[in-house]
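Visitor: Please find one structure pasted underneath; my questions will follow.
Values quoted throughout were computed directly from the atomic coordinates according to the rules given, and no laboratory measurement underlies them. These numbers come from a predicted model, not from an experiment. Please note: Cβ atoms are built from the backbone with ideal geometry, for glycine as well, and neighbour counts cover all protein chains shown.
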Ligand SMILES: [Zn+2]
């Protein structure tokens, strides 16, 4: 049994039970509750008195560390039965709900899961989305199952940010393994509940959780300016990539997770001229290589790259991280930073 070649830092923890008593057929990703480096994650587990560890840690810059060799049982998920068969991974995250991870961490988690599956002879990573189903499921010889810490202890781990993406993680890893993410056997992967459409602004939302972060901008990469401590109804005056701007001016809240926020109805009559349609225009790309992203922001995944310095039609604009303004390509390929384009 080997360790991942993606590891760039190794500091072995004394906290483990020695060789596993069960073959590896689970991966349990955790949120480490801190934007820690790979070194710092290992540093959490060097003292025997800590009585905790993980197999791998992913630092906030995406670098991967080895804390407990893959052949050994780590002390990570509050479950002997789980940790005997799971590769456990602590991922750098925010310190507060929803324990968001940045894109580098998420991409490294995908790559590490692919590598773990490959070396352990697995062709599919499954997210069954349900504790009872997952823990009772007997994976076929080429299947790996995702489990989460919150099923074994009264914890939020891996945090709602990652929890809501586990279906995506499973399908991305399975795709990279060359398999089909179609459901296996009798199980159907459960998708997280998502708010996908929003009424015309302004509209009301009901906040369902008591600790929802308010951020300076429309993205996890923006700083937290406050937090709702009470559940209430609030007015959203504009929407940007699933984030809603609060009428109060306090900042932006994440709207897409239906377990945090219930979308209400439109409250304002249109004030006439403000609703004029966006007029498409053409731009010439000025950069040698310009990434196309799935959404308006560097926090969205890259779906392609423009290398021809060609002329493209922009059909919508949006604010988002990493650029003054983002433009949506008419082709439907995605969004590009307009900082590297000349308007024609
Ligand atoms: Zn955990």
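Visitor: In whole Å, what are the Cα extents of segment 273-344 along the three principal axes, biggest one first?
Guide: Sorted from largest, the Cα extents of segment 273-344 read 39, 26, 20 Å.
Visitor: Convex hull over the alpha-carbon atoms of segment 105-153: what's its volume per residue in Å³?
Guide: Residue-normalised Cα hull volume stands at 85 Å³.
Visitor: Using mean Cβ contacts within 10 Å as the protection proxy, how do 314-324, 23-33 order, highest first?
Guide: Most protected by this proxy first, the peptides run 23-33, 314-324.
Visitor: Evaluate Rg over Rh across segment 203-269, taking Cα atoms for both radii and Kirkwood's formula for Rh.
Guide: Rg divided by Rh gives 0.92.
Visitor: Please find, in a Gaussian network model of the chain (springs between Cα atoms separated by less than 10 Å), the residue of 133, 71, 279 whose mean-square fluctuation is greatest.
Guide: Looking only at 133, 71, 279, the largest GNM fluctuation is found for 279.
Visitor: Another question about this same structure. At 222 nm, what helix-only mean residue ellipticity would the chain give, in deg cm²/dmol to the nearest 500, using -39500 (n - 2.57) for each DSSP H run of four or more?
Guide: About -4000 deg cm²/dmol.
Visitor: Per the Kirkwood treatment, what hydrodynamic radius in Å, one decimal, follows for segment 300-340 from the mean inverse distance over all distinct Cα pairs?
Guide: One decimal place: 10.7 Å for the Kirkwood radius.
Visitor: If only Cα atoms are counted, what is the Rg of the chain, and what is its Dmax, in Å?
Guide: Rg then Dmax for the chain, in Å: 21.9, 70.
Visitor: Would you order 328, 176, 122, 342 from fewest to most other beta-carbon atoms within 10 Å of each residue's own beta-carbon?
Guide: 342, 176, 328, 122
Visitor: Something else: With a Cα-only, solvent-free Debye model of segment 30-102, what are the log10 I(q)/I(0) values at q = 0.11, 0.24, 0.25, 0.26 Å⁻¹?
Guide: -0.24, -1.06, -1.12, -1.17
Visitor: Can I ask one more? Counting C-alpha atoms alone, how compact is segment 7-176: give Rg to one decimal and Dmax as a whole number, in angstrom.
Guide: Cα only, segment 7-176: 14.2, 41 Å (Rg, Dmax).
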